[in-house]
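Okay, structure first, notes after.
The values are calculated or read from the model by the stated rules, or taken from the named source; none is laboratory data. These figures come from a predicted structure and were not determined experimentally. We place every Cβ from the backbone using ideal geometry, glycine too, and count neighbours over all the protein chains shown.
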Number of protein chains: 6
Amino acid sequence: MPTSLAVEYKDASPEVRAVFDDIKQTRKVDDVNNFWKYLARDPATLKRTWESVKQIMAPGALDPLTKEMIYLAVSVTNGCAYCTASHTAAARKAGMSEAMFGEVMAVTGMANETNRLANGYRVPVDAAFAR
Amino acid sequence: MPTSLAVEYKDASPEVRAVFDDIKQTRKVDDVNNFWKYLARDPATLKRTWESVKQIMAPGALDPLTKEMIYLAVSVTNGCAYCTASHTAAARKAGMSEAMFGEVMAVTGMANETNRLANGYRVPVDAAFAR
Amino acid sequence: MPTSLAVEYKDASPEVRAVFDDIKQTRKVDDVNNFWKYLARDPATLKRTWESVKQIMAPGALDPLTKEMIYLAVSVTNGCAYCTASHTAAARKAGMSEAMFGEVMAVTGMANETNRLANGYRVPVDAAFAR
Amino acid sequence: MPTSLAVEYKDASPEVRAVFDDIKQTRKVDDVNNFWKYLARDPATLKRTWESVKQIMAPGALDPLTKEMIYLAVSVTNGCAYCTASHTAAARKAGMSEAMFGEVMAVTGMANETNRLANGYRVPVDAAFAR
Amino acid sequence: MPTSLAVEYKDASPEVRAVFDDIKQTRKVDDVNNFWKYLARDPATLKRTWESVKQIMAPGALDPLTKEMIYLAVSVTNGCAYCTASHTAAARKAGMSEAMFGEVMAVTGMANETNRLANGYRVPVDAAFAR
Amino acid sequence: MPTSLAVEYKDASPEVRAVFDDIKQTRKVDDVNNFWKYLARDPATLKRTWESVKQIMAPGALDPLTKEMIYLAVSVTNGCAYCTASHTAAARKAGMSEAMFGEVMAVTGMANETNRLANGYRVPVDAAFAR
């Protein structure tokens, strides 16, 4: 096991540096987050994950802010502390106001509650929703 | 245990009917979904849940479509089949296109993946995200 | 893969029959549930699981009804359809009334909601709760 | 983003103070927990959540201790560190002994195990449990 | 919403057909599973997901059977019925015996149990595991 | 609540000491991990859990390394920080290389993603997988 588990740019292989450079350029940031530095321990996973994230989070039918709020809602549901912190920051950067944050949390909380009420009451799917 | 677990309008108490009426009027629908008919077995839970959902899902800093897509992302993450079916229908009714659906799924899937990569690599929260 | 995945008493080995007999005697039932018939494909897991369940669910500092309601709350939270069905039945057999069922669901739903609000707002543990 | 994320009583709006006062009076405590101070960033969520918790956790068909133990079992299942800490404290205050705590944990652990065994062995619901 | 939600080869675009062809060739099968036919509604997600799965599940430091058993353990933990069915089949095809299946389930069940015991007892990480 | 929540060997009852001794002898270690010291607050749970873990993790149809990697994948999926730390250490001790670790994480992440894609696209189980 390496002494340090984060791969810093100065110690990175050309393959890893190329991914770091693309992240920095795409996101217009000076350094990459810890997430990428840790993934860099496995360059294939780093590259594949970044390329998937880059493709998925690009503007499309949904704008970047909406995507970040969905990412945050999932991370909060799963209880991932790192992801909750990083995607709260990313959503704010993309324009999430304090009021929007409050509503994302309210919807996320309520969905988690009614998911269990539906499970517990064993509610059958309405014919209208079947497909 | 009652023979039928769903409470139909014709068999409902005045308290339950009042909630059903409010749901139908608010959502402009002819009948309520199975979810509400099953919750009606416990009128206090029916009333509280509906009032919370009504408040949370009303237009605010976020529009109803965005809220429904977040609700869907959480339901899919939790594997709630009923909620996935009902909120897919609700999101489509609120304007979710096929392309938007694809992007909600893509973001939800990726968030679930990177949540575990962050857990497994035990990535420490960046100082910049601490607060 | 065997044609039938459930092991019926008449086809069971003496080792499996001994566990089935103990389940039937302990629970005063004529046949064991599907859960045990499926686990019987792996006799070591069948025996270990039954002995653990028997020990844990016996009356102790908590009565059997309380234990069954906790089991149900966890099963609903995890979205296990089989376990929700079987432990709803078990809790009713142990004395859970319709009103109690409603309250178990209400607490389970609310806990799932506030768990996410605590995650999303990243609430630090109060000094008083630290230990 | 505000410098401090917890809303203290002295800085709170009248609307938030009214909720804090009701929590303190209902629970007979001198100050509210961090959970409520953080939720206070969104007064509508604070008020709705408190009113729901107050209604659900009041004595009913189940006593407060049973409700707190169910809350704890769900929080442990979801891995919510804040909620596990706060509801362990609440359950102890409501009368949970060390032996009861041990049994809540044992049932919670076993339910999480058998939920997955039922999933993995794909056990079909017994006809007797169907409804 | 399209009448049929699965995209069959005969109705597929050249882009989707290319992915289907690669799946069939890589896995030496006559047709692709429902999973791929449903994902084909979003060709970008179909292509990205297949390429990721193909890369990840190829023999590497771990053999394909080990990878399939890990995939199965995760799917069972999450309660994904589709994935449990498909990865049980895939693991058997890769060589998982009945005895191996029983052990995968036993480990998965026990991990889910001790994960909650560690949460509930709030066990601090041993200094030796810190890194 | 006891001042210290970990039970050290010198303070342990003969029943607890017997379990600690068996753990140390089986694993050839000088002291037991915090997990066991905390469980020792409930000697029945300590004994039952250790005996189950000892039986399940022994070499069988699967070797200890494979079992530890499955344990790790489940712990990462559930977001159990303690278990992720302890089973990463256990897997390394059993022979998990850095490359193997990367592949366990990659499979775990991808399974968590496709579990949700299958949920969200509501993919019906293929007839071939039904049993």
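Scanning region A:80-103 turns up at least one residue that is outside the structural domain of A:ASN34 (by TED's automatic domain parsing), modelled with pLDDT of 95 or more, among the charged types (D, E, K, R) and surrounded by 24 or more Cβ atoms within 10 Å (Cβ to Cβ).
Quick grid of which residues meet (1) under 22 Å from D:ALA128 (Cα atoms); (2) at pLDDT 95 or above; (3) within 14 Å of chain E (Cβ to nearest Cβ):
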position: C:VAL16; (1), (2), (3): no, yes, yes
position: C:VAL19; (1), (2), (3): yes, yes, no
position: C:ASN33; (1), (2), (3): yes, yes, no
position: C:TYR38; (1), (2), (3): yes, yes, yes
position: C:THR45; (1), (2), (3): no, yes, yes
position: C:SER52; (1), (2), (3): no, yes, yes
position: C:GLN55; (1), (2), (3): no, yes, yes
position: C:ASN112; (1), (2), (3): no, yes, no
position: C:ARG131; (1), (2), (3): no, no, yes
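Reported count of residues in region D:46-59, each being crowded, with 18+ Cβ neighbours inside 10 Å and under 23 Å from C:GLU103 (Cβ atoms), is 8. When region B:78-106 is filtered for residues that are within 11 Å of chain E (Cβ to nearest Cβ), under 16 Å from E:ARG41 (Cβ atoms) and not hydroxyl-bearing (Ser, Thr, Tyr), the ones remaining, listed by number, are B:ARG92, B:MET96, B:GLU98, B:ALA99, B:MET100, B:PHE101, B:GLY102, B:GLU103, B:VAL104, B:MET105, B:ALA106. Please tell me if B:VAL74 is in a helix (DSSP H, G or I), within 14 Å of chain C (Cβ to nearest Cβ), at pLDDT 95 or above and within 17 Å of the chain's Cα centre (by Cα). Here the answer is yes, as B:VAL74 does meet what is asked.
To keep it simple, each residue is scored yes or no on (1) among the hydrophobic types (A, V, I, L, M, F, W, C); (2) in a helix (DSSP H, G or I); (3) over 13 Å from the mean Cα position of the chain (by Cα); (4) assigned by TED's automatic domain parsing to the domain that holds D:ALA90.
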residue	(1), (2), (3), (4)
D:ALA18	yes, yes, yes, no
D:LEU46	yes, yes, yes, no
D:LYS54	no, yes, no, no
D:GLU68	no, yes, no, yes
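Can you find a residue in region B:107-127 that is under 18 Å from the mean Cα position of the chain (by Cα) and surrounded by fewer than 20 Cβ atoms within 10 Å (Cβ to Cβ)? Scanning region B:107-127, I find no residue that is under 18 Å from the mean Cα position of the chain (by Cα) and surrounded by fewer than 20 Cβ atoms within 10 Å (Cβ to Cβ), so the answer is no. Taking region A:13-42, which residues are more than 23 Å from A:ALA89 (Cα to Cα) and crowded, with 18+ Cβ neighbours inside 10 Å? Residues satisfying the conditions are A:VAL16, A:ARG41, A:ASP42.
Summed over region A:52-75, the residues that are of a type in the set (D, E, K, R) and closer than 19 Å to F:ALA106 by Cβ give a count of 1.
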